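One structure below.
The values are calculated or read from the model by the stated rules, or taken from the named source; none is laboratory data. For clarity, every value in this text was computed on a predicted model and none was experimentally measured. We place every Cβ from the backbone using ideal geometry, glycine too, and count neighbours over all the protein chains shown. Surface accessibility is based on the protein's heavy atoms, side chains included, excluding ligands, DNA and RNA. Shrake-Rupley method; radii C 1.70, N 1.55, O 1.52, S 1.80 Å.
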Amino acid sequence: MFARLQNASLRTWIAAGVLLAVAPLYLCMASGYFIFQDTVAEPFRQVIHAQHRIMLPLEKLQGKLWDLSVAVNDYAETGDTALRRSMEDIERQIATHLVELERAAEDFGQYSPILQGARQQWEEVIASSAAVSPGNPGSADAALLRFEEVVVGVALRLEDVLTELRRENEDSHAAALEAIRALEIGAGVASLLTVLLTFAGARVINRALKASTDELVAGAMRMASGERGGRIDVQIPPELAAVAGAFNTLAGRVAEQESELRALAGTDDLTGLGNRREFNRALASEADRAQATGGSFAVVLVDVDHFKRVNDAHGHPAGDEVLREISRQIAETARAQDRVFRYGGEEFALLLRDVRETEAHAIAERMRTRIEAHQILLPGGTRVSVSISAGIAVNGGAAGQHERLLHIADTALYQAKSGGRNRVAMGSSVQG
């Protein structure tokens, strides 16, 4: 699972963070919708539908019952036949309203028993109204009294329907209030969860974007300041990880190229030896090492004797070949721990580590005799022999004396050349 998250794209991480933040709102909306539909909207629709299908016909029916009662009482008192026809007309209307209520009861079964009872009593109303005799006082007519009793019974039955409707309406209101309270609580919880998950989503996005971006910026700043060793460690998202990988590759190449440039800056093009700048750096470093360890080292300055004659007689390409061959002979004569440099022109320099005067002199002398005996093949096929002069200065552990040591070696070289060339001269030692 974690590996899949690591491989997720930046778009996926941002989408996950946003989803965490908005999920409670959508859950609240969805649950609120269903709660509203189940406990508010649907019950209200049922109540309104019931009121429309039952209450309106019921109210008309109650009015017609009152009209029938008035007509029957008037007929009993006057015996007017027109009232009799009015009674029959009202009875037909009441029968029609009862049919409407019975049809409505098919959709609202809770009212069926009440309406069935009302229907039975209505049959009694019809029978009792027919038995009422005209011209008798209403209070003394038993049939009229029976009619009034049955009409009241039907009215009470119908009132029971109204009572049931009111109860359902009240229950619906109570359920709606409970649902509203539940929605309020749900909205509060959703708001709290939204705040909490917004922070969680921000952390997800921060984990995927900000932390990785900060690492990229920090890596760029390190590279800009000259640091090349540290790598940018970005694992997620893959887009930024790819940028970090490319940046690390670029930093590695820059470090390699800088190393190559430093090597080229400290290398003599003709001989491949370290140049004078590299010699100065190595001399200072060797002096520091000797001071720290109490060791010794020697500086040997070498000059090719009468080099101008080679250039004049054979040309500069031949002179270059002589310098290359002499540099190779010197390097082969030096020990593994020694370093050889082209000091400038036809001059070379050596740093001999951990030597005393006699050892330094022996190494320089061996080098001189080897070059003197060596025949150098020039580009035109001619062979020439050359000689060298060398001056030596030994540092016995003195601090901060490398400039003076170089001066002593240079003075010794001058003495070797002044003394007839093709020789080694030893300068005075510098002791710590």
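Solvent-free Debye calculation, one equal scatterer per alpha-carbon of segment 334-377: log10 I(q)/I(0) at 0.18, 0.25, 0.29, 0.33 Å⁻¹ equals -0.62, -1.03, -1.14, -1.16. In plain terms, the chain from T213 to V195 could stretch by 4.0 nm, reckoned as 0.36 nm per residue minus the Cα-Cα distance. In this view, the solvent-accessible surface of E325, computed with a 1.4 Å probe and all protein chains in place, comes to about 30 Å².
The mean of 1/r over all pairs of different alpha-carbon atoms in segment 275-432, once inverted, gives a Kirkwood hydrodynamic radius of 15.7 Å. Counting only the backbone N, which residues of segment 366-392 are under 19 Å from the spot 7 Å out from the Cα of R328 toward its beta-carbon? Under 19 Å, as judged by backbone N against the label point of R328, lie 367-388 of segment 366-392. Available extension along the chain between T411 and H374 is 10.6 nm, counting 0.36 nm per residue and deducting the alpha carbon span. Can you give the FRET efficiency for T78 and A174, using 1/(1 + (r/R0)^6), R0 = 35 Å, r = Cβ-Cβ distance, to the nearest 0.05? Calculated value: 0.10. With contacts taken as Cα pairs under 8 Å at a separation of at least 6 residues, segment 319-359 carries a relative contact order of 28 percent. The simple Förster model, with R0 at 30 Å and r as the Cβ-Cβ distance, assigns R85 and E59 a FRET efficiency of 0.75.
You can think of it this way: the chain between V70 and D269 has 58.2 nm of extra reach, that is 0.36 nm per residue less the Cα-Cα gap.
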